[in-house]
Amino acid sequence: MGTGKTKTLGRRVAAGSIMGMGANVVFLASRLALTPFILAYVSLADFGLWSVCFIVLSYAGLTAFGIQNAYVKYVAQYNAEGNLESASVLVSTGLVVMTGVSLVLFAALLGCVPLFMTLFDIDPDLRELAGFMILGTAAAFLLDLTFSAFRGVLEGMQEIVLSRSVWLAATLLELALVFVFLPLGYGIRGVLYAYALKTVFEVLVNMLFAFRKVPGLRVGPRYVRREALHALFVFGGKVQFLGVLGIFLGTFDRIVTTAMLGLSATGLFEVARKLPFTGRSITGAAFVPFLPAASSLGGDWLESPAPTVQQKFRKYMALCLLALVGSCFLIAPLAFYDWQQRGYGWSEPSFWAMCLSVLLLFLPGIQIFAWLRRFISGGEYLESPKLVELYLTGCRHINLVNFTLYAFLAAAANELLYTWLGTGYDGAEHIMRVICIVSLVHLATGAGTAVFKGVNRTGRELEYTLMQLVLALLWIPGLAWSYGLYGAVLGVALSTIPPSCYFIVRTNQALRIAWREYFVRTVLPGFAPILSGGLVWLVLSQLPQFSRWTTLFVLGGLGLGYLTVTAFLLWALFVTQEEMGMVRNAFSRLWAKLRG
C-alpha cells in the first residue's frame, strides 16, 4: 500500500473514531430524552415489557456475535487484495446461513414464549401483549441480524463514517417515530413499530450504499460456497467465544455482589460505575475502524511456526497458572495480616493460606516466571511498519481522550454523583474512582485487540481474557467475603489491570515497539489531564457544599477551566508540530464551512 493510500487510511480511521464516539454521545442523549417521554404515555409494567424483550434478544444475539466481525475483517482483506468475487461469496453465503439461523431462532423463541411468561412472572392480563412484543422485536432484531452483512461491507471498506451516519439517522428516525406514535395512542406497541421501521430503514440504506460503494459486489445463489463457511465460522467463532467470555466477566462482579452482599450493595455499585461505563461506551466506539484497517494493511509474521493444539493448550494453561501463582504475592501478606489479627493460631485458615501461597511462589512459581520471561521475549512478531505507526498513533490519541475523560470524572466524582442523584450514596465516589482507573487501563487494550482481530490473531486476546477470568473467580468473591463491597471493587481492579498490562506488553513485543517509545508516545501525554484533574480536585476540596444546581454550574465552570489548562499543557509540552498542523487544518475547514 502506497504512502498516499496509507495517509488516506489513517484519516479514515481518525474520522471513523471521531464519528463513532460522536454517534454514541447522540444515542445516549436520545435514550435519556426518550425514557421519560415513554413513561408519560405507558405504564411502568408496559415499559418493563420492552426491557424484557431486549433481555431475551441479547442472548439470542450471541449466536451471531462473531459473524459481523468476520464480514468486516474479510471484506477489508479482499478489498486490499482486489478480490471482489471472494467478498461476494462471503456476503452471499453469510446471507443464506444467517437467514437459516434467524428462522431457527424465531421458531425457538415462538416455542419459548409461554416459558418466558412464567420465567419473568408476566401478569396474565399482559401476556397477549407480551407475546406480541417479544415476537415483534425478535422479528425486527433478526432482520437486522440477517442483513448485517451490508453494514459489515461498509465497515470493511473503511466507510465507518457512512455506516455510523446511517445508524445515527436510523436512531433519530426511531426517536421521531416514538414521538409521533405515542401521542396517537399506540401505547408500547408504538415503540415497537418505531423500532421495526428504524430497522427496515437501516437495512435498506446499508444495502443501497454497500452496492454503491462496491460496484463489483454481487449477491446470489451462484456465489454461495462452502469455503466461505471457514471465514464466517472459524474466525467468527473465535470472536464469538471471546464475546461470551467478555459478557460473563462484565456481569460476574454484580452477580457476586448480589449473591454475597445483597441488592443494596449492588445498587450502590451500579450507581458508582454508571458514569465511567457511559464514558467507556462512548470512547470504545473509537476502536471500530482499527479492525478493517489492520486487515487492509496486513503484514508478514516472522518466526511464526504454526503451533499444535497441544502447544496452544499448554500455553493457555500456563497463563492461567501464572495468574494463580502471581496472586500469591498478594495473598501471602493478606493471609499473614489476618493470621496476626487472630492471634497466630496454628489452626487458623489464614495460616495455611499463607503457607500454601509461599509454597506456590517457590515450587511452580520459579518455573512459571522463567517460562513467562522466555515466552514474552521470544515468539512471532509482525513486520508491518505502517500498521505499527497506525497502532501507536491510535493509542496516543484515544488514550489522551480517555485520560481527559477519566481524570475529570475521578477528580470530581463526589460532586458529579451529588449533582446527578443527590445525597444518600456515601462511599460511591471511592468506588467510582477505582472504576475510572480500571476503565482507563482496560481501554488501553482496545486498539491492540482490534488490530489482532484484523490480522487473525484472536488467540492473543484469549490469553489475557483467560487470565482475567481466573483472577476474577479468585479475587472478586474472595475480597467481597473479606471486605464487603469495597473488596469486590478491589477484586475487579485486580482481575482487570494486570491482564490488561500483560496484553499491552505482548502487543508491543509482537509489533517490536520498545516500552520507552510506547510510554512516551501513548502514556506520557496523559499527565497533562492528570495534572489538571489534580487542580480540579484541590479546588473542590476547599469549597463548601452547595445546592445541586449551584454545584452543576460550578462543575461546568471547572470543566471549562480543566479543558483549557489541559489544552495548554498539551500544547506546551506534548503536542507535535504535525499534530498542531492537523488541528489548525481541522479548525480552518470548520471555519470555512461555518462561513458558507
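Just so it is clear, none of the values below were taken in a lab; they were calculated from the coordinates. Quick caveat: nothing in here was measured; it's all calculated off a predicted structure. All Cβ positions, even for glycine, are placed from backbone atoms using ideal geometry, and neighbour counts span all protein chains on display.
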* **Modelled FRET efficiency - R0 56 Å, Leu524 with Leu208, Cβ distances, 0.05 increments** => 0.80
* Once you sort the root eigenvalues of the Cα gyration tensor of the stretch 3-225 as a ≥ b ≥ c, which label holds: rounded (a/c under 1.5), prolate (a/b larger than b/c) or oblate (the other case)? -> oblate
* Structure fact -> Note to self: C-alpha centroids of the stretch 462-517 and the stretch 224-301 sit apart, in Å, by 15
* Asked: Using unit Cβ charges (K, R positive; D, E negative) and no other charged atoms, how large, in debye to the nearest 20, is the dipole of the chain about its Cα centre?
  -> 1560
* Asked: In the chain, with Lys and Arg counted as +1 and Asp and Glu as -1 at Cβ, which of these residues, Leu382, Val539, Leu560, has the Cα nearest the positive end of the dipole, that is, farthest along it?
  -> Leu382
* Work out the length of the dipole vector of the stretch 243-378 about its Cα centre, built from +1 on the beta-carbon of each Lys and Arg and -1 on the beta-carbon of each Asp and Glu, and round it to the nearest 20 debye. => 120
* Work out the charge dipole of the stretch 317-425 with +1 on the Cβ of Lys and Arg and -1 on the Cβ of Asp and Glu about the Cα centre, then indicate which of Pro333, Asn399, Ile368 is farthest towards its positive end. => Ile368
* Tell me, how many Å apart are the Cα centres for the stretch 328-379 and for the stretch 135-174? -> 50
* Structure fact -> If unit charges are put on Cβ atoms (+1 for Lys and Arg, -1 for Asp and Glu) and the dipole of the stretch 3-225 is taken about its Cα centre, the option from Thr99, Ile38, Ile18 lying farthest towards the positive end turns out to be Ile18
* Asked: Classify the stretch 319-383: rounded, prolate or oblate, from the alpha-carbon gyration tensor (a ≥ b ≥ c, eigenvalue square roots; a/c under 1.5 rounded; otherwise prolate if a/b is larger than b/c)?
  -> prolate
* To do: Would you mind finding the longest exposed-site-free stretch of the chain, with exposed trypsin sites (Lys or Arg not before Pro) meaning DSSP loop and at most 14 other Cβ atoms within 10 Å?
  => 1-224
* the stretch 3-225 - charge dipole about Cα centre, Lys and Arg +1 at Cβ, Asp and Glu -1, debye rounded to 20 -> 1080
